[in-house]
Structures are given as C-alpha cells and as structure tokens.
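Undergrad: Mind having a look at this structure? Questions to follow.
The values are calculated or read from the model by the stated rules, or taken from the named source; none is laboratory data. Computed from a predicted model, the values in this text were never measured in an experiment. A quick note on method: Cβ atoms are made from the backbone with ideal geometry, for glycine too, and the neighbour counts reach across all protein chains shown.
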Amino acid sequence: MKRVIIDTDPGIDDAAAILMTLGSPELDIEAMTTVFGNTPVENCTINALRILEAADRTEIPVYEGSSRPYNCAEPVFAALIHGDDGLGDAGVPMPSTAAQPTNAVIELINRVMTSPGEITVMAIGRLTNVALAMAVEPGFTEAVGEVIVMGGAVSVPGNASPTASANLRGDPEAADVVYRSGANVVQIGLDVCEQVEISLAQQEELWAADTKATRFMHLVSPFIQAAYERRGRLHHPGGVRYNDMPAVSYGIFPELFECRELPVHIEIHGEHTRGMTVANQREDPGEPTTAKVAFGVDAARLTQLWVERVAAV
Ligand SMILES: [Ca+2]
C-alpha cells in the first residue's frame, strides 16, 4: 500500500477526493493535515473530522496547520463555491472527535523524516504547510516521496483569476517554494480537472448506494453544483466537478493520466498573473524540469472509478 498524507482545506471537492482515497485499498492514509483555503483553517479541521466520521474512519489523525499564507498576508476564502462552513452550509453535524495537538507542519516533518522516500503528500489545498515544512526542515524536500499538487493552469484559463488556479493564487509564495525545491512535484491542474465532470447519471448511481458516506456526499454536493452551474463552468446539465478528485486519483491510478516533465515557474510578482504556472514548453527549454504536469486524463474511466470507490467506503 502507498503511504499517504492528505494536506487539505475541506472543501466540498476535498470531501469527494478524500472519500475516494478512503475507498481505495491501494492507499494507506496515515494522517490528514489541514490548511486555510476554501474556508478558515478552523473550519477545514472540523470538516476533515466530519468527513472521517462520515466514512467511519476516525482512527485517522487530523492535524491543524497554517491559518495564513506563507507571507502572512490576509487569507482569501471561497465561500461562494463551498459555503461559509466549507461544506455547503448543509447542516452536517459537528464532529464528535478532535484534532491532534501537534501542528500540521511539525507532523508532516516528523512523519516524512522518519520514513524517507516512503510518504506521498497529496496537497489539495494551498501549499503553505508543505512550503513551511521545506523551510523548517531542509531535509524534507529530499525525504518526501512525491508531492501531488492540485493546482495550476497551463493550457487553460485560471479559475481564481484569468491566469491562476485557486490553490496557487491563494498562496503564490508557498507554491514558489515548493516548485523551486527540487521535490518530485506532480501538477494535476485545471488542464485535466476541467475534463473530469461527474454526470447526473453517475451521481444518481452513487446516491443509490445509500451508505453513510454517499449520503454525506449527496448532502454537501448541491452547493458546489449550483455554484458551478451559475458560473457556466459545467459541460452538461446537472453535472458536477470536484477538482481535488483527479489529483488524489493520480496517486491511485497514474496510468490514467498523460503527463509531461516541464520547467514550471510560479509567477509571484505579476499584477495580473500572480499565482500563474508559467510552463516552459519550448523544444529546448534550456533549464531543468521542476514538475510533472498532467495534460490528459481518461475522464470516462476516472469518473466511474470515483463512483465505485466512494460507494465502497
Ligand atoms: Ca482543496
């Protein structure tokens, strides 16, 4: 089994992604770490615990992390997409469990440094915790197995700005640290996430499974579905997208993705381009690659696997 830490800001799409990992026997989810993003970090922590409770997996420890970006600027949240509570204000009960006392950054360092090369970090929020781990422990970069990043937009427009994706726009300095680090960064960005739409029929198939986890997903989904539909971001009526889902899926089914190794830089100075992933796609780039970037995905297969795995939680 692949050992994984999920660094997350739940988030309705985080819930869809996390439930998929919990229904996947290929993975050993050994911890979850939270970061501000879709909602303040305190809410993200509560939501991580709520998701684990919906999956009856409360043995997985949750550690709360960064409440602000790497440069300590005021954080920006995404209540219009995820609701004020981060889970669609759907009335999910408060968790009966609590987070661990250790900070997420310290926990990331401790776990990665005691198992060099063995732990994959699925970073499906701002990259603040991962960047801080790299800054605090210089050995972290080499010891971490793979950092799967949900974020970036190379051949498509951004969603948080014309050029930038929400997770990288939300903390460009942290993303810059991670992409410069030399770690094994895999970028699962909007280039592929926007191709992965769960159809209405697939949603209905999942709701029909009628388990505790699928009822939870059914409860929180309408908010993000309506938000995307209002913005004209969906390809089919009644469809829904969970952008974090393809990112965690890369950790389970990498064969479903077409990727290219490229030099990718994070724009941190641009007036209109902060948080943009600038990929050097020239034939002879003349500089080292920094990330494996996904451009293609077998969306039909992946969406069906999502239904199967969440139903199996
Ligand atoms: Ca997320």
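Residue-wise test of (1) within 18 Å of Gly251 (Cα to Cα); (2) hydrophobic (A, V, I, L, M, F, W, C).
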position: Met1; (1), (2): yes, yes
position: Ile5; (1), (2): yes, yes
position: Thr45; (1), (2): no, no
position: Glu53; (1), (2): no, no
position: Ile60; (1), (2): no, yes
position: Tyr63; (1), (2): no, no
position: Gly83; (1), (2): no, no
position: Ala90; (1), (2): no, yes
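Undergrad: Of the residues in segment 1-32, how many are more than 17 Å from Leu305 (Cβ to Cβ), more than 10 Å from the ligand (Cβ to nearest atom), in contact with a Ser or Thr (Cβ under 9 Å, 6 or more places away or on another chain) and not β-branched (Val, Ile, Thr)?
TA: The number of residues fulfilling the criteria is 2.
Undergrad: Residues that are at pLDDT 95 or above and under 14 Å from the mean Cα position of the chain (by Cα): list the helices (runs of 4 or more DSSP H) wholly contained in segment 106-217 that include at least 3 such residues. I'd like the intermediate steps shown before the answer.
TA: On the way: elements: 128-136, 140-143, 166-169, 172-180, 190-193, 200-209.
In segment 106-217, the matching helices (runs of 4 or more DSSP H) lie at 128-136, 166-169, 190-193.
Undergrad: If you don't mind, another one. Out of (1) assigned to a loop (DSSP other than H, G, I, E, B); (2) touching a Gly at 6+ places or on another chain (Cβ under 6 Å); (3) not hydroxyl-bearing (Ser, Thr, Tyr), the odd one out for Gln281 is which?
TA: With (1) assigned to a loop (DSSP other than H, G, I, E, B); (2) touching a Gly at 6+ places or on another chain (Cβ under 6 Å); (3) not hydroxyl-bearing (Ser, Thr, Tyr) applied to Gln281, the lone miss is (2).
Undergrad: Being under 29 Å from Gln203 (Cβ atoms), within 16 Å of the ligand (Cβ to nearest atom), aliphatic (A, V, I, L, M) and in contact (Cβ under 8 Å) with a residue 24 or more places away in the chain is the requirement here; does Val35 meet it?
TA: Numbers: under 29 Å from Gln203 (Cβ atoms): yes; within 16 Å of the ligand (Cβ to nearest atom): yes; aliphatic (A, V, I, L, M): yes; in contact (Cβ under 8 Å) with a residue 24 or more places away in the chain: yes.
Considered against the rule, which asks whether it is under 29 Å from Gln203 (Cβ atoms), within 16 Å of the ligand (Cβ to nearest atom), aliphatic (A, V, I, L, M) and in contact (Cβ under 8 Å) with a residue 24 or more places away in the chain, Val35 comes out as yes.
Undergrad: Looking only at residues in segment 234-260 that are within 16 Å of the ligand (Cβ to nearest atom) and in a loop (DSSP other than H, G, I, E, B), which one is nearest to the chain's Cα centre (by Cα)? Steps first, please.
TA: Taking segment 234-260 first, the residues within 16 Å of the ligand (Cβ to nearest atom) are 240-251.
Restricting the remaining residues to those that are in a loop (DSSP other than H, G, I, E, B) gives 242-243, 251.
On the way: Tyr242: 10, Asn243: 7, Gly251: 12 Å.
Once the filter is applied, the top-ranked residue is Asn243.
Undergrad: Related question: If I ask for residues that are part of a loop (DSSP other than H, G, I, E, B) and crowded, with 18+ Cβ neighbours inside 10 Å, which ones from segment 62-76 would you list? Working first, answer last.
TA: As a first pass, look at segment 62-76 and keep what is part of a loop (DSSP other than H, G, I, E, B): 65-76.
Matches in segment 62-76: Gly65, Ser66, Pro69, Tyr70, Pro75.
Undergrad: So in segment 38-61, with the set limited to residues that are within 18 Å of Asp85 (Cβ to Cβ) and in a loop (DSSP other than H, G, I, E, B), which one is farthest from the ligand (Cβ to nearest atom)?
TA: Of segment 38-61, the ones within 18 Å of Asp85 (Cβ to Cβ) are 38-54.
Checking which are in a loop (DSSP other than H, G, I, E, B) leaves us with 38-40.
Numbers: Asn38: 6, Thr39: 10, Pro40: 14 Å.
That would be Pro40.
Undergrad: Moving on. Tell me, yes or no, whether segment 61-79 has at least one residue that is closer than 26 Å to Gln203 by Cα, of a type outside the set (Phe, Trp, Tyr) and touching a residue at least 40 places away in the same chain (Cβ under 8 Å).
TA: Looking through segment 61-79, at least one residue is closer than 26 Å to Gln203 by Cα, of a type outside the set (Phe, Trp, Tyr) and touching a residue at least 40 places away in the same chain (Cβ under 8 Å).
Undergrad: Moving on to the next point. Being among the polar types (S, T, N, Q) and farther than 23 Å from Tyr70 by Cα is the filter; apply it to segment 262-297 and report the residue that is surrounded by the fewest Cβ atoms within 10 Å (Cβ to Cβ).
TA: Of the residues in segment 262-297, the ones among the polar types (S, T, N, Q) are 273, 277, 280-281, 289-290.
From the residues that got through so far, the ones that are farther than 23 Å from Tyr70 by Cα too are 280-281, 289.
Numbers: Asn280: 15, Gln281: 12, Thr289: 15.
Out of the qualifying residues, it is Gln281.
Undergrad: If you go through segment 161-182 one residue at a time, do you hit one that is more than 15 Å from the ligand (Cβ to nearest atom), surrounded by 23 or more Cβ atoms within 10 Å (Cβ to Cβ), under 28 Å from Met276 (Cβ atoms) and among the aromatic types (Phe, Trp, Tyr)?
TA: Yes, segment 161-182 contains at least one residue that is more than 15 Å from the ligand (Cβ to nearest atom), surrounded by 23 or more Cβ atoms within 10 Å (Cβ to Cβ), under 28 Å from Met276 (Cβ atoms) and among the aromatic types (Phe, Trp, Tyr).
Undergrad: Follow-up. Taking the condition of being assigned to a helix (DSSP H, G or I) and over 16 Å from Pro138 (Cα atoms), how many residues in segment 79-105 meet it?
TA: Residues that pass the stated criteria total 5.
Undergrad: In addition: Pairs, please: C-beta under 7 Å, at least 6 apart or cross-chain, first residue free of Cβ contacts under 8 Å to residues at least 60 places away in the same chain and hydroxyl-bearing (Ser, Thr, Tyr) and in segment 115-143, second in a helix (DSSP H, G or I) and surrounded by 17 or more Cβ atoms within 10 Å (Cβ to Cβ)?
TA: Thr141/Met134
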